[in-house]
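The values are calculated or read from the model by the stated rules, or taken from the named source; none is laboratory data. Model, not experiment: these values are computed from the prediction. All Cβ positions, glycine included, derive from the backbone under ideal geometry; neighbour counts span all protein chains shown. Note: areas computed on protein heavy atoms with side chains; ligands, DNA, RNA excluded. Shrake-Rupley method; radii C 1.70, N 1.55, O 1.52, S 1.80 Å.
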Amino acid sequence: MTTTLTIGFVGLGTMGGPMARRLVASGFRVTGYDVSAERAAKARDGGVALATSPAGVASVADVVLSSLPDPATVRRVYLGADGVLSNARRGMILVDVSTTDPETWREVAAAAQAEGVDCLDAPVSGGPAEAGLGKLVFIVGGDGAVLERCRPVLGTLGSDIHHVGPLGSGQIVKLVNNVMSIGNVAVAAEAMVLGVKAGMDPQRLFDILSTSGGRSFHFLKRFPNVLAGDFAPYFGIGLSRKDLSLALAMAAKLEMPMPVAAVVRQVYEAAHAQGFGQLDMAGITRLYEQWTGVAVRGKAAGS
């Protein structure tokens, strides 16, 4: 059954595309925009009406969601000449599900408030598969009453909605989460290559570690793909570099040292410099493989 809220969606890529199509399939009227004609066409094939700018999205929407790659793009999409706020209407709600820094979204929210527009920061945990199935986890910062108005939308996309505090709080929690996730993958890659270099069979090593104390969520999720030689960027090295940089910048403002996160970031910078930047975050395994001359592959991948 069609719902009464009309939805705008800016950013129809790896995460935004499945989310927009999920909303259409659940009965929402969705108008979207993406700078990529290919991504926009895929969304259109899934029932998303297309606008020619973020302003065009805002002109027909009660709630505008955005899934964007970095703070500069968030500012441009909302605050630019053809941005969402150029067509703002009192009573609209803007929900950014990107992972950025708290200051960026607070800046957008301050401009929105002057127009009578409410904002939430609602970064997500989960990948494209969870986005398409409505199984994302939302980490929401902002006013609780605004969240309740958006709950039908977020509840369609997510299985868990955590209201963590005032505006910007969602971004803080998400950056902390990503420091942990990205760090876990870096340590796992280093350890797996060490074991293989020392003579262990990669598949056998993975099987044992999967039931041992060193395992993590991302080890169990991503390293079967490593064994298969699948480095498709479900969450890429580029995004990992960006999120680590944002977390370190936040720490610098708080005058907090983060030596471990700084080293992890340098590992991802090295992977990027060696040409692995388009791979999944677990693609940093390729960097260690290059350094050591071994391959972490299961027999099915030809090792």
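Residue 126 passes every criterion in (1) touching a strand residue (DSSP E or B) at 6+ places or on another chain (Cβ under 8 Å); (2) in contact (Cβ under 8 Å) with a residue 60 or more places away in the chain; (3) open to solvent by 10 Å² or more (accessible area, probe 1.4 Å) apart from (2). Scanning segment 197-253 for residues that are touching a strand residue (DSSP E or B) at 6+ places or on another chain (Cβ under 9 Å), open to solvent by 70 Å² or more (accessible area, probe 1.4 Å) and at pLDDT 95 or above yields nothing.
The rows are residues; the columns are (1) in contact with a Pro (Cβ under 6 Å, 6 or more places away or on another chain); (2) under 29 Å from residue 172 (Cβ atoms); (3) of a type in the set (Val, Ile, Thr).
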{"site": "4", "(1), (2), (3)": "no, no, yes"}
{"site": "9", "(1), (2), (3)": "no, yes, no"}
{"site": "33", "(1), (2), (3)": "yes, yes, no"}
{"site": "51", "(1), (2), (3)": "no, no, no"}
{"site": "78", "(1), (2), (3)": "no, yes, no"}
{"site": "95", "(1), (2), (3)": "no, yes, yes"}
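Specify the residue that is farthest from residue 43 (Cα to Cα); the eligible residues are those in segment 112-123 that are open to solvent by less than 40 Å² (accessible area, probe 1.4 Å), of a type in the set (Gly, Ala, Ser) and without any contact (Cβ under 8 Å) to a residue 40 or more places away in the chain. By that ranking, first place goes to 116.
Filtering 145, 191, 186 for residues that are within 24 Å of residue 272 (Cβ to Cβ), open to solvent by 20 Å² or more (accessible area, probe 1.4 Å) and at pLDDT 95 or above leaves a single hit, 191. Could you tell me whether segment 156-169 includes any residue that is open to solvent by 30 Å² or more (accessible area, probe 1.4 Å) and in contact (Cβ under 8 Å) with a residue 40 or more places away in the chain? Scanning segment 156-169, I find at least one residue that is open to solvent by 30 Å² or more (accessible area, probe 1.4 Å) and in contact (Cβ under 8 Å) with a residue 40 or more places away in the chain, so the answer is yes. Considered as a group, the residues in segment 254-263 that are part of a helix (DSSP H, G or I), open to solvent by 70 Å² or more (accessible area, probe 1.4 Å) and out of contact with any Gly (no Cβ under 8 Å at 6 or more places or on another chain) include one that is farthest from residue 297 (Cα to Cα), and that residue is 259. Within segment 170-183, which residues are open to solvent by 10 Å² or more (accessible area, probe 1.4 Å) and under 24 Å from residue 112 (Cα atoms)? Those that are open to solvent by 10 Å² or more (accessible area, probe 1.4 Å) and under 24 Å from residue 112 (Cα atoms): 172, 173, 174. Out of the residues in segment 273-294 that are of a type in the set (A, V, I, L, M, F, W, C) and surrounded by 18 or more Cβ atoms within 10 Å (Cβ to Cβ), which is farthest from the chain's Cα centre (by Cα)? Across segment 273-294, the extreme among qualifying residues is 294.
Only residues that are at pLDDT 95 or above and in a helix (DSSP H, G or I) were counted in segment 264-303, giving 25.
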